[in-house]
Amino acid sequence: MMPDGLYHSLLQAMAADWEAGGIVVEICRDWADAAGSAVVQLRLLAGIQRLVLSGAEPQLAVYYPNLGGTASPDGAWQAFEPVLRRHVGELRAALEVAPQTNEPGRSVPLLVGLFDAVRRSGLASVRLLELGASAGLNLLVDRFYIAGDGWSAGPESSPLRLTEAVLGPVSPVPFTVADRRGCDLAPIDASTEEGRLRLTSFVWPHDLHRYERLRAALRIAASHPVPVERASASSWLGSMLAGAGPDGVLTVVWHSITRQYWPVAEIEATARVLAAARDRMPLAHIAMESPVLRDDRSEGRREYQPTELTVQLSVPGGAADPAPVLLGRVADHGVPVRLVS
């Protein structure tokens, strides 16, 4: 998807600069043969935005709508090109930082999945475990105000309000989060200025609704920090699901738009851990992921179907889904969730 406004203008200018052998070549020289999935251009744009957000190049703020800027992006390269020349080393380092946004809108499909799993299991106490949690913002789902047609959940006073978030009938059920934690290969500490800066820098500046959502979620996280450990999904989940699990508690394993980045061996290992735990504890696996439509390894290409929200519930001696149950289809940023009939 091509970004609008400023990023569209900058991407075109950077491509022309690359062809002309300009400063972009000097910054990106070690990434010339990188796969398209590395999205080097977005890493560079995020690095530039961090310079602006941190105050290192405040004059560029006039081009960023998320900072109140209203200047036309046409011809913006004339202002940006000297900045790239002044920060070659920093921007080279920025290319090592993989994109992470920790989109709070994805808490909406998580909530829909929780309603389903709690209702069918009969267990209102939840242990929430997130794989690929980034900064763990979506683990704070019960501290966000989320609402739809005739229903709502979470505190009305919450700084983060997600309304008209679900298309289709929703019947909320009460639940409490007894424990919440996550893992990530590169966790971000949302309590630090550096962590907040990194998350914000990957939000495209014209996506004002996403910028505001993230800012509100970070305010909540500042008062309610969530532990996110540095670990792979399968190894961390294996330790979390060892034993019988806490009595009277539904363990919920959740992840969103992360499985497609895992090696096949990691996907298979995580699936084995989940399968082994289903006979030992009440377990719900909630996923917001895009199923693979075509996997052509000879060409190095994968094509994905639209993102789906699925739940697979297993309760020893009770309900047991033989396969994931499709609840709805979801936009990449989590909202809206379109429930299936």
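All of the numbers you see were taken from the coordinates with simple rules; none came from a lab. Quantities reported herein were computed from a predicted structural model and do not represent experimental measurements. All Cβ positions, even for glycine, are placed from backbone atoms using ideal geometry, and neighbour counts span all protein chains on display.
Fewest first, what order do E308, E19 take by the number of other Cβ atoms within 10 Å?
So the residues, fewest neighbours to most, are E19, E308.
Just check segment 5-94 against the gyration tensor rule for me: Cα atoms, a ≥ b ≥ c as the square roots of the eigenvalues, rounded for a/c under 1.5, and otherwise prolate or oblate depending on whether a/b exceeds b/c.
prolate
When the gyration tensor of segment 56-166 is built from Cα positions, what are the square roots of 5 times its three eigenvalues, in whole Å, from largest to smallest?
Equivalent ellipsoid of segment 56-166: 41, 19, 10 Å, largest first.
Take every Cα pair under 8 Å in segment 5-94 that's 6+ residues apart, average their separations, divide by the length, and report that relative contact order as a whole percent.
Dividing the mean separation by the residue count of segment 5-94 yields 39 percent.
Using Cα-Cα distances under 8 Å and only pairs 6 or more residues apart, what relative contact order does the chain have, in percent?
18
How large is the helix-only mean residue ellipticity at 222 nm for the chain, computed as the sum of -39500 (n - 2.57) over DSSP H runs with n ≥ 4, divided by its residue count, in deg cm²/dmol to the nearest 500?
It lands at -10000 deg cm²/dmol.
How would you rank 223-229, 309-315, highest first, on the average number of other Cβ atoms within 10 Å across their residues?
Answer by packing, highest mean first, reads 309-315, 223-229.
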